[in-house]
Structure formats: structure tokens, C-alpha cells
1. Among rounded, prolate and oblate, which fits the stretch 22-139 when a ≥ b ≥ c are the square roots of the eigenvalues of its C-alpha gyration tensor, a/c under 1.5 means rounded, and a/b larger than b/c means prolate?
2. Please sort 107-119, 147-159 by packing, taking for each peptide the average over its residues of neighbouring beta carbons within 10 angstrom, highest first.
3. Rank-order 71-77, 59-65 by packing density, defined as the average count of other C-beta atoms within 10 Å over each peptide's residues, highest first.
4. Just to be sure I understand the model, the point goes 7 Å from the Cα along the line to the Cβ. What's the resulting residue 160 to residue 89 distance in nm?
5. Work out, step by step, the length gained on full extension between residue 72 and residue 143: first 0.36 nm times the residue separation, then minus their alpha carbon distance; give nm to one decimal.
6. Give the peptides 87-93, 41-47 in descending order of average Cβ contacts within 10 Å, highest first.
7. For the stretch 57-153, with only Lys/Arg (+1) and Asp/Glu (-1) charged at the beta-carbon, what is the dipole magnitude about the Cα centre, in debye rounded to 20?
Amino acid sequence: MAGQIKPERSPKPPKRRARAAVTISGTCLCSAVAIETDAPVFWAWHDHSEASRRVHGAAYATYVGCWKSKVRVVGGEDVLGRFDDVKRRQVRSFCSLCGAPMMFTRGGSSKWVNIPRALFCARTGREAKYHVAIEQLQVWAYLGAPVGPLRGYPGVSIEKVRKAKPARGGSFGT
Ligand SMILES: [Zn+2]
């Protein structure tokens, strides 16, 4: 109704502030290149694709995906090498002194940077629960089977394999 005084609004509850991001730092093997980003990162995953396997020399690579705007190279930019993988439309950067892979971007996603999880010692705020190219999982990849020490070789473990039962009717040393 015209002229009616609106009742005073009750004050809005204060907006919940987003938790302040924590800066996490990563370095290459020789420490020449240092990068920073904010945790929690956007996501984390295991990449089983051939390109990542070859670059890392490993069964698969684990990455954290970050907004490009939140990634900072804070040291060693001058020794950061770059490989343009034209065929795959990917760009990979690495430390030209020790060879460690540092960053990986896809041609079509200029807003994103993928960083090897292993470069960070601190927690990144995301568990790697996702897999890319899981159909390429290698038969030689270690999948967490129980291991025990290998006698005579300190620091080396061997997967414990259950002994197969002898075939029915087989004769073993009797
Ligand atoms: Zn290095």
C-alpha cells in the first residue's frame, strides 16, 4: 500500500567467507625452478596416456590441475625449457638443468595448467581420485600388491606372490 512504511529488514547473516587459500611451493629435482600455486588446487588425477608416461618415464603421471592465473613461476624461469607437442596440441615445460617435468597445458584449455603432483611436498587439498586414459594402464604398473624385503638386498622389496596350489594328481617330491 502506498505510504506504508516497510518493516525494517532484519540484518542479513554475514556471508561465509571462503577459506583463505594456502600457498604451496613446488620445485624440480635440482631446485633451480620453483613454482607456487594456491591450495586447494582445482583437481587431481592420474594420467595413463602415452605422452605423460614417456615424459615422466613412469607407468603414469599424477597431476594437479590449477587455474593458470594462480600459478606463479617464482624461480628459474630462465632455465625453464619448453616442448611444443604439435601433434597432440600440448605444451610441456621442464627444468633444462635436471630434466624434471614442471607444467603441462593442453592447446584448447589456455586457462588451465597441470603440474606434476610430485613436485609439491605439502598437501594440495585434493585427492587424486580421477584417471585419464585408464584403458592404457600398463600391465607392469605397480598396483599396491603387498611387498616384503628381498633377502640380501637392503632397500629392495619384492611382491609377495601366493604359491599356486599343486594341480590335482600332481606329484611334488614324493
Ligand atoms: Zn631442475
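Read the figures in this text as sums done on the coordinates, not as results from a lab. Bear in mind that the values here come from a model prediction, so they are computed numbers and not experimental data. Because the Cβ atoms are built from the backbone with ideal geometry, glycine has one as well, and the counts that use them run over all protein chains shown.
1. Values: a/c = 1.45, a/b = 1.17, b/c = 1.24.
Here the stretch 22-139 falls in the rounded category.
2. Values: 107-119: 17.0, 147-159: 9.5.
Descending mean neighbour count gives 107-119, 147-159.
3. Numbers: 71-77: 15.1, 59-65: 21.0.
Final packing ranking: 59-65, 71-77.
4. If labels sit at residue 160 and residue 89, their model points lie 4.9 nm apart.
5. Values: separation 71, 0.36 × 71 = 25.56 nm, distance 3.35 nm.
Full extension of this stretch gives 22.2 nm more.
6. On the way: 87-93: 15.3, 41-47: 20.4.
Packing proxy ranking, top to bottom: 41-47, 87-93.
7. Details: 15 positive and 6 negative charges, 61 e Å.
Dipole size: approximately 300 debye.
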